[in-house]
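One structure is given here, and the rest of the page talks about it.
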Amino acid sequence: MTKILKLNEAQEFVNRGVLEHNVEIGITNFKGEYFIDKIFQLNGDVRFLVTKLDESVSYNISYKQISIIAGQSIDDILEAYDMGENSIIEISYETDVMNDVVGKEEAELNGKDLDEGMRLILHNDKTEKMNNKILNVKYDDKGLLKLVANRGRPKKNS
C-alpha cells in the first residue's frame, strides 16, 4: 500500500523546502515523473501544479497524490527528515499535558497536531512523571487522547 502524506507532513515538507519548485515527484495513478511548477493552498489543502517532463500539459494535484519525492518513497523521506512513524518528537518548552492534551479530542504540541502513534519525550512538563520518557499518543475507546509511557522490554528472570 502506498503511503499517503498527511496535511501536516505536506506542510512541513513545503516549509523545509523538500517540496518546492522543480522537485521531481511521482504521482499515484500517473505514469512517469513530474516536476513541481507551483505550490498553493486551496480550501485548506496543499495543492501543486505539476508538469510531466517533455509535456506542455500541467496538472493540479493534491498533496495526497504524491507517492515519491526526489526518487524516494514517502516512508523513506519521512524517516530521512525525522518525521517518520518511528521518530520521536522532543519538547523542551514548558507543557501541561494533563490539562492541554489528555482527555481532549484534539491537541497540538510543538506546532504539530497529535495523531495516534506519535511518540514524544517531554522535558519540562508540569506533571513530573510525564518527563524524560517516551510517551505514545493514543486514543481511548471514546476518541479522547491519552499518553501512554513506553515501558520498554520486560526484564528477563535469571
Notebook entry, point to check: Name the residues in region 101-122 that are closer than 16 Å to ALA149 by Cα, of a type outside the set (D, E, K, R) and surrounded by 13 or more Cβ atoms within 10 Å (Cβ to Cβ), would you?
Noted result: VAL101, VAL102, GLY103, LEU114, MET118, LEU120, ILE121, LEU122
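Conditions (1) more than 20 Å from the chain's Cα centre (by Cα); (2) more than 30 Å from LYS142 (Cα to Cα); (3) crowded, with 18+ Cβ neighbours inside 10 Å, marked per residue:
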{"residue": "ASP37", "(1), (2), (3)": "yes, yes, no"}
{"residue": "ILE69", "(1), (2), (3)": "no, yes, yes"}
{"residue": "SER73", "(1), (2), (3)": "no, yes, no"}
{"residue": "ASN99", "(1), (2), (3)": "yes, no, no"}
Note to self: If SER56 satisfies all but one of (1) within 11 Å of the chain's Cα centre (by Cα); (2) assigned to a loop (DSSP other than H, G, I, E, B); (3) free of Cβ contacts under 8 Å to residues at least 60 places away in the same chain, what's the number of the condition it fails?
What the structure shows: (1)
Checklist line | Subset of region 36-47 [hydrophobic (A, V, I, L, M, F, W, C) and out of contact with any strand residue (DSSP E or B) (no Cβ under 6 Å at 6 or more places or on another chain)] | finding: LEU42, VAL46
Margin query: Condition check: within 26 Å of LEU114 (Cα to Cα), among the acidic types (Asp, Glu) and surrounded by fewer than 18 Cβ atoms within 10 Å (Cβ to Cβ). Does GLU20 satisfy that?
Written below: yes
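Read-outs throughout are calculated quantities, based only on the coordinates presented, and are distinct from any laboratory measurement. Quantities reported herein were computed from a predicted structural model and do not represent experimental measurements. Every residue, glycine among them, receives a Cβ derived from its backbone with ideal geometry; neighbour counts consider all protein chains shown.
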